[in-house]
1. Quick check on my filter: what residues within region 183-209 are over 13 Å from K346 (Cβ atoms) and at pLDDT 90 or above?
2. Quick one: count up the residues across region 175-213 that are open to solvent by 30 Å² or more (accessible area, probe 1.4 Å), within 15 Å of K147 (Cα to Cα) and among the charged types (D, E, K, R).
3. G287 versus (1) open to solvent by less than 40 Å² (accessible area, probe 1.4 Å); (2) under 19 Å from the mean Cα position of the chain (by Cα); (3) closer than 27 Å to P107 by Cα: which is the lone unmet condition?
4. Just to be sure, is L259 more than 25 Å from T339 (Cα to Cα) and open to solvent by less than 30 Å² (accessible area, probe 1.4 Å)?
5. One residue is enough: does region 317-324 have a residue meeting the conditions open to solvent by 30 Å² or more (accessible area, probe 1.4 Å), in contact with a helix residue (DSSP H, G or I) (Cβ under 8 Å, 6 or more places away or on another chain) and at pLDDT 95 or above?
6. Does region 133-149 include one or more residues that are in contact (Cβ under 8 Å) with a residue 40 or more places away in the chain, touching a Gly at 6+ places or on another chain (Cβ under 9 Å), closer than 24 Å to V318 by Cβ and open to solvent by less than 20 Å² (accessible area, probe 1.4 Å)?
7. Strands (runs of 3 or more DSSP E) wholly in region 176-295 with at least 1 residues that are among the aromatic types (F, W, Y) and in contact (Cβ under 8 Å) with a residue 40 or more places away in the chain - which ones?
Amino acid sequence: MIRNPWRHNEPLDHAELARLLPPPADPRLAADRQDLLEEYLMSEIHQSDHAPAGAAAPAASPARRPLRRAVLFATPVAAAAALAVVVSVGGSPNANTVAAPALVKAPVVQVEEGSTGQLASTVSEIAAAATARTTPQPGPGQFVYIKSRVSFMSTRNNVDTGESTTWVQPLHDREVWKSPDGTKGWLDEPGYQDKGGITLDNKEPRKQSTYQWLAAQPSDPDALLKSVYATVSGDRDHDQQAFREIGSLIREQLVPSALAASLYQAAGRIPGVVVVEHAQDASGRDGIALARLDPQTGERSEWIFDRETHQYLGSRGVQVREFDGVKPGTVVEQTTIVTRAIVDAKNQRPGAGQATV
């Protein structure tokens, strides 16, 4: 099936779509999943679909997982993917649309077993390092700026042979600007949106993802963990949801130093969290990781820290158990933090004299 970008000038027939799409098993998404699902759909509005070099011909039907594979969705994701296909037929490219780079085969690594033997000491060292760092505070009108290098997964299944190949995006830049209250923002991910990026402005932002919400959270790890669990819902594993919720905060938000330490301590108390001695971020830097295996999908989410300074480097998603055709050892997500800073305006990049973390 060939997909084209959505028309920007035609209203959607929501009643027709409702008849075409199956109802989700559980429409209540965890907050971080909802944010990334919205981001994914915004990206789908603006991008063209390009099959990777060497992929199967028209017989290969793209049964795609979300590109934002950093957060796994249940049935609602299938509905979202179907939505992107159904409404895209007959569209025409926007003049600002940038051709997405061809996908590449996902890397495969040796799966290293995690352990709880050094969990307490590792969490303590990471928390102590976070406390020791000075974190700038954004003021009124300013923005939290985060530049990262990322790669996420997309799976294509051959309907004739039943075979599937796991593809990932080429490693690319991603820049995000977020106001402290979450009402204004911008996302620039060249090749995956229109030239220049897309707005993240929102009159009613999800409060728990904002800097202001974070700054108001309790510093006690147990109370903080209770607050995190209050943001998750649905039938999926709540422990995994809580782990991912914290992971989304430390990846693309500015967390005050004292609270960062408490977040790591809270994460260490989530059942199933382990230490992986060797994990590489998207830049190839080897570090130590706090990780947790999703019991439903077999994917292990890893937060990678510098072995000496214990500073957060990035994240990785590794398939530990085969699921949905994805083989063990497949790296389905890679990120690395390049710059985290405070800037004075949306779309502004940090320069001399501006606070970086």
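The values are calculated or read from the model by the stated rules, or taken from the named source; none is laboratory data. Predicted model only: the values in this text are computed from it and were never measured. Because the Cβ atoms are built from the backbone with ideal geometry, glycine has one as well, and the counts that use them run over all protein chains shown. Remember, those area values only see protein heavy atoms, side chains included, never the ligands or the DNA or RNA. Shrake-Rupley method; radii C 1.70, N 1.55, O 1.52, S 1.80 Å.
1. E189, P190
2. 1
3. Going through (1) open to solvent by less than 40 Å² (accessible area, probe 1.4 Å); (2) under 19 Å from the mean Cα position of the chain (by Cα); (3) closer than 27 Å to P107 by Cα one by one, G287 breaks only (2).
4. Values: more than 25 Å from T339 (Cα to Cα): no; open to solvent by less than 30 Å² (accessible area, probe 1.4 Å): yes.
It is false that L259 is more than 25 Å from T339 (Cα to Cα) and open to solvent by less than 30 Å² (accessible area, probe 1.4 Å).
5. Step one: filter region 317-324 for residues open to solvent by 30 Å² or more (accessible area, probe 1.4 Å), giving 320-324.
Within this subset, residues satisfying the condition of being in contact with a helix residue (DSSP H, G or I) (Cβ under 8 Å, 6 or more places away or on another chain) are none.
No; the residues of region 317-324 include none that is open to solvent by 30 Å² or more (accessible area, probe 1.4 Å), in contact with a helix residue (DSSP H, G or I) (Cβ under 8 Å, 6 or more places away or on another chain) and at pLDDT 95 or above.
6. Yes: region 133-149 contains one or more residues that are in contact (Cβ under 8 Å) with a residue 40 or more places away in the chain, touching a Gly at 6+ places or on another chain (Cβ under 9 Å), closer than 24 Å to V318 by Cβ and open to solvent by less than 20 Å² (accessible area, probe 1.4 Å).
7. Working: elements: 185-188, 274-280, 286-293.
Because the criterion is at least 1 residues that are among the aromatic types (F, W, Y) and in contact (Cβ under 8 Å) with a residue 40 or more places away in the chain, the strands (runs of 3 or more DSSP E) in region 176-295 that meet it are 185-188.
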